[in-house]
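*Asks:* Have a look at this one.
The values are calculated or read from the model by the stated rules, or taken from the named source; none is laboratory data. All of these numbers come straight from a predicted model, not from anything done at the bench. Please note: Cβ atoms are built from the backbone with ideal geometry, for glycine as well, and neighbour counts cover all protein chains shown. The area values use the complete protein model at the heavy-atom level, side chains included, leaving out ligands, DNA and RNA. Shrake-Rupley method; radii C 1.70, N 1.55, O 1.52, S 1.80 Å.
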Amino acid sequence: MNVAIVKYNAGNIYSVIHALTRLGVEPLLTDDPEKLMAADKVLFPGQGEASNAMQYLREHKLDQVIRDLKQPILGICIGQQLMCRHSEEGNVDCLGIFDVDVKRFLPQKHEDKVPHMGWNTLEETKSHIFNGFCGGEYAYFVHSYYVPICPDTAAVTNYIQPFSAAMHKNNFYATQFHPEKSGAVGERILKNFLEL
């Protein structure tokens, strides 16, 4: 299987590579549009700042490439946020695949810490990447911005308020949490994605 990872100015790419390698896949890390379009599956992971990431994607013409992909693509963490319409982080227009804006967490009480960091449950899962899930599985999160609940929400987590822990629209899949850091649960999600 030909699996590509979008190379751009975002961190945490190598833990995704290692997670795929454990599943027997040797992914190609590339920002070459032709190689991305030729892949069987594409992953769009990362940690970083939205406006800087979008600037890099636009400068390298990767924004249009990602929108035009027809094969399954999985956005992870900031990858999910960049697939949305707009982000409050850097007040930047994003890829617009999901018709929803990314918001910053606003603590409601003293114990609400931002960023949301650590393990939390996945509820209301509905997408092929959650095949075999019952709800209540734990995944690992690190983020200060979130995607509100919307028609493309594929899993819900509650921290300060309910938000989109995962999304799905056509061939576009995304998770706010890090499957590559979520143990057996995350491994199952990556395996389900690879088997799409």
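*Asks:* What is the dipole size for the range 1-90, taken about its Cα centre, with +1 at each Lys and Arg Cβ and -1 at each Asp and Glu Cβ, in debye to the nearest 20? Please list the in-between numbers first.
*Replies:* Values: 9 positive and 11 negative charges, 43 e Å.
Value, rounded to 20: 200 debye.
*Asks:* Can you run phi through the Karplus equation (6.51, -1.76, 1.60; θ = phi - 60°) for the range 107-112 and list ³J(HN,Hα) in whole Hz, with x for Gly and Pro?
*Replies:* Here the 3J(HN,Hα) series is x, 9, 8, 3, 7, 6 Hz.
*Asks:* So, with +1 on the Cβ of K and R and -1 on the Cβ of D and E, and no other charges, what is the size of the charge dipole of the range 59-196 about its Cα centre, to the nearest 20 debye? Numbers along the way, then the final one.
*Replies:* On the way: 13 positive and 17 negative charges, 27 e Å.
The dipole magnitude comes to about 120 debye.
*Asks:* Sum up the charges of everything whose Cβ sits under 9 Å from the Cβ of R85, counting Lys and Arg as +1 and Asp and Glu as -1, but leave R85 out. Display every interim value, and only then the final one.
*Replies:* Values: positive: none; negative: D93, D99, D101.
Taking every other residue near R85 into account, the sum is -3.
*Asks:* Pick out, from I17, G183, G46, the residue whose Cα sits farthest towards the positive end of the charge dipole of the chain, with +1 on the Cβ of Lys and Arg and -1 on the Cβ of Asp and Glu.
*Replies:* Value: G183.
*Asks:* For the range 3-194, with all protein chains present and a 1.4 Å probe, just round the carbon and sulfur fraction of the accessible area to a whole percent.
*Replies:* Values: 4110 of 8230 Å².
On the range 3-194, the fraction of accessible area on carbon and sulfur atoms equals 50 percent.
*Asks:* Still on this structure: From the backbone phi of the range 82-95, what are the Karplus-calculated ³J(HN,Hα) couplings (6.51 cos²θ - 1.76 cosθ + 1.60, θ = phi - 60°) in whole Hz, Gly and Pro given as x?
*Replies:* 5, 6, 7, 6, 7, 10, 5, 6, x, 6, 10, 6, 10, 6
*Asks:* Quick one: which residues, 5 or more positions from E137 or on another chain, have an amide H under 5 Å from its amide H? H modelled 1.01 Å from N in the peptide plane, none for Pro or chain starts.
*Replies:* The list, which skips near neighbours in sequence, is L122.
*Asks:* Ignoring ligands, DNA and RNA, what accessible area per residue does the chain give at 1.4 Å, in Å²?
*Replies:* On the way: 8610 Å² over 196 residues.
With all protein chains present, the chain gives 44 Å² per residue.
*Asks:* Still on this model: If I take every Cα pair under 8 Å that is 6 or more residues apart in the range 3-194, average their sequence separation and divide by the length, what percent do I get for the relative contact order?
*Replies:* 19
*Asks:* In whole Hz, with x marking every Gly and Pro, tabulate ³J(HN,Hα) for the range 34-49 from phi via Karplus 6.51 cos²θ - 1.76 cosθ + 1.60, θ = phi - 60°.
*Replies:* So the Karplus estimates, Gly and Pro as x, are 5, 5, 5, 5, 7, 6, 6, 9, 10, 10, 10, x, x, 10, x, 10 Hz.
*Asks:* For the peptides 46-59, 70-83, what is the packing order when you average, over each peptide's residues, the other Cβ atoms within 10 Å and list the highest mean first?
*Replies:* Highest to lowest by the protection proxy: 70-83, 46-59.
*Asks:* What does the charge count near Q71 come to, summing +1 for each Lys or Arg and -1 for each Asp or Glu among other residues with Cβ under 10 Å from its Cβ?
*Replies:* Details: positive: K41, K70; negative: D40.
In short, +1.
*Asks:* For L28, list long-range residues whose amide hydrogen, built 1.01 Å from N in the peptide plane, is under 5 Å from its own amide hydrogen.
*Replies:* V3, A4, I5
*Asks:* Follow-up question, since we're still on this one. For R22 and V142 in the same chain, what is the full-extension length gain: residue separation times 0.36 nm, less their Cα-Cα distance, in nm? Walk me through the intermediate numbers first.
*Replies:* On the way: separation 120, 0.36 × 120 = 43.20 nm, distance 2.25 nm.
Value of the extension gain: 41.0 nm.
*Asks:* At 222 nm, what helix-only mean residue ellipticity would the chain give, in deg cm²/dmol to the nearest 500, using -39500 (n - 2.57) for each DSSP H run of four or more? Present the calculation step by step, with values, prior to reporting the outcome.
*Replies:* Numbers: 6 runs with 50 residues, N = 196.
My calculation for the chain gives -7000 deg cm²/dmol from helical runs alone.
*Asks:* How large is the accessible surface of K61 in square angstrom, using a 1.4 angstrom probe and rounding to the nearest 10?
*Replies:* 140
*Asks:* Taking a threshold of 29 Å on the Cα-Cα distance, which of the pairs K35/K181; K35/K113; K126/K181 fall above it? Before the final figure, lay out each step's value.
*Replies:* Details: K35/K181 26 Å; K35/K113 40 Å; K126/K181 21 Å.
Violating the 29 Å limit, Cα to Cα: K35/K113.
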